[in-house]
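Chemist: This structure is in structure tokens; I'll ask about it shortly.
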Amino acid sequence: MEVQSLLAYTYKIVGLKLLLITLLSVALYSTTSAYIEGVLLSTLNPLIEPPSPDGLSVISLYSGTAISPITGLVSFDASKLRGLPVIVWFEVTTPILANGTPVVLRGVDGTWFHIYKPRVVAGDPFNPNATLRVWVGYRLAGLLNVRPGDVLVIKPFFTNVEAIVIVAGVLDAVEPYSYEIIASRALGSMLRGSTLPSTVRVAFDPGVVGYDVVVGALSPEGAPATIARVASALVYGGYVRLEDPGRLQEYYIRRLGVPSEVIVVLALLSNVIVSLLNLTPAWLIYTMRGRSLSTLIELGVSRPTIRVCLALLTIPVVVVASVLGVMVAKLVEPPLVLGYPLGVELEGPMLLAHVAVQVTIYTLGLLTGGLDEG
């Protein structure tokens, strides 16, 4: 029997119904595993570092001894930058319960407002001197279901200070600020229990002053190596400066003794475990069409040939279902950590690995299924 005829006959045996069952079941399993994978991978790159303002470069200084970028405090001598054409501002962050919901409150000053120019969606303009009023990022406002004039009861994680504040407005700010409560630095420091900032940001025009000049002024040791600086900060204190701000959280995780490779392996392992369910639709073909497939054996078609035909017929469906599952996973509402969404991040090599695992396990099901059933 010719290959083309054999494929056509195999398609008639399997039928459109079983192909649709394969598509839907694999897509469901792919969605589940992609969601878990993506959330695990997104812990390496949460919404922490804001983008640089137009025309400026920003160097952010974080605590080198904290367990996360939003929980540390930075002791910084601003005189290091004296005489340089830079803009310096300070931010203090503290995890809080706002009406019982865990989020982050960020205390800022007028310089922050001038640099990022957040648009007031509703309510009053931002006031950097307000002590009993706060502004809410527009994305967080939806989560908390608040609007100007509402009352928030704020309970910080690190102090016993409790504050009752009024929502003065909603701000259309860049991430991560759009997921935070924005307050004056004075209120943020009071709730944090310290006058030290959590983050020091230094903005400069690279066309006016060089990056190396600014970095050299920030650290008497010059430009430190990225990972070495984080490690040495555990011993000597100080701040963290990274060449790649987008990988900020990854360095903190490594500092806790969990290499990023471990998280990648856990993500892949979760895919493998969930994808074991792909054995089911493969075996289902033999269960429901075993008698018809046995007829092919009686006609002289070898078992390996039948399995190859089933693979050629169904694996493209599995590939489509796997990609479809990733697309659906990205549409599912992500989990929130302190108000920040951990979106599903599955791109490039990890996406290819995800699809490869789905296909491999399904193929294993085709290879191990019994052809004499039915």
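The values are calculated or read from the model by the stated rules, or taken from the named source; none is laboratory data. On a predicted model such as this, the values are computed, not experimentally measured, just so you know. Quick reminder, even Gly has a Cβ in these numbers, built from the backbone with ideal geometry, and neighbours come from all protein chains shown.
Chemist: When you scan segment 124-227 for strands (runs of 3 or more DSSP E) that lie fully inside it, which ones turn up with 2 or more residues that are in the same structural domain as P85 (by TED's automatic domain parsing) and in contact with a Pro (Cβ under 7 Å, 6 or more places away or on another chain)?
Modeler: 163-172, 199-204
Chemist: Give me the strands (runs of 3 or more DSSP E) completely within segment 1-116, filtered to those with at least 3 residues that are over 24 Å from N127 (Cβ atoms), ordered by residue number.
Modeler: The strands (runs of 3 or more DSSP E) meeting that bar are 57-63.
Chemist: Which residue pairs have Cβ atoms closer than 9 Å, lie 6 or more positions apart in sequence or on different chains, and pair a first residue in segment 176-191 that is under 16 Å from P148 (Cα atoms) with a second residue that is among the acidic types (D, E) and not in a helix (DSSP H, G or I)?
Modeler: Correct list of pairs: S178/D172.
Chemist: Please count how many residues of segment 111-147 are more than 30 Å from the chain's Cα centre (by Cα) and farther than 24 Å from T195 by Cα.
Modeler: Count: 3.
Chemist: Being among the small types (G, A, S), assigned to a helix (DSSP H, G or I) and under 30 Å from V136 (Cβ atoms) is the filter here; which residues of segment 316-374 pass it? If you could, list the steps in order and put the result at the bottom.
Modeler: Within segment 316-374, the first condition is being among the small types (G, A, S), and the residues that meet it are 321-322, 325, 329, 339, 343, 348, 353, 356, 365, 369-370, 374.
Those left that are additionally assigned to a helix (DSSP H, G or I): 321-322, 325, 329, 348, 353, 356, 365.
Result: A329, single match.
Chemist: Could you list, in sequence order, all residues of segment 290-335 that are charged (D, E, K, R) and within 14 Å of G370 (Cα to Cα)? Spell out the reasoning first.
Modeler: Let us first name the residues in segment 290-335 that are charged (D, E, K, R), namely 291, 298, 303, 307, 330, 333.
Within segment 290-335, R291, R303, R307 meet the criteria.
Chemist: Another one. With the requirement that a residue be of a type in the set (D, E, K, R) and surrounded by 14 or more Cβ atoms within 10 Å (Cβ to Cβ), what does segment 147-190 give you? Working first, answer last.
Modeler: Of all residues in segment 147-190, those of a type in the set (D, E, K, R) come to 147, 150, 155, 162, 172, 175, 180, 185.
Selection gives R147, D150, K155, D172, E175, E180, R185.
Chemist: Continuing with this model, one more query. Return the residue satisfying two criteria in turn: it lies in segment 342-364 and is of a type in the set (G, A, S) and modelled with pLDDT under 90, and of such residues it is farthest from L19 (Cα to Cα).
Modeler: Across segment 342-364, the extreme among qualifying residues is G343.
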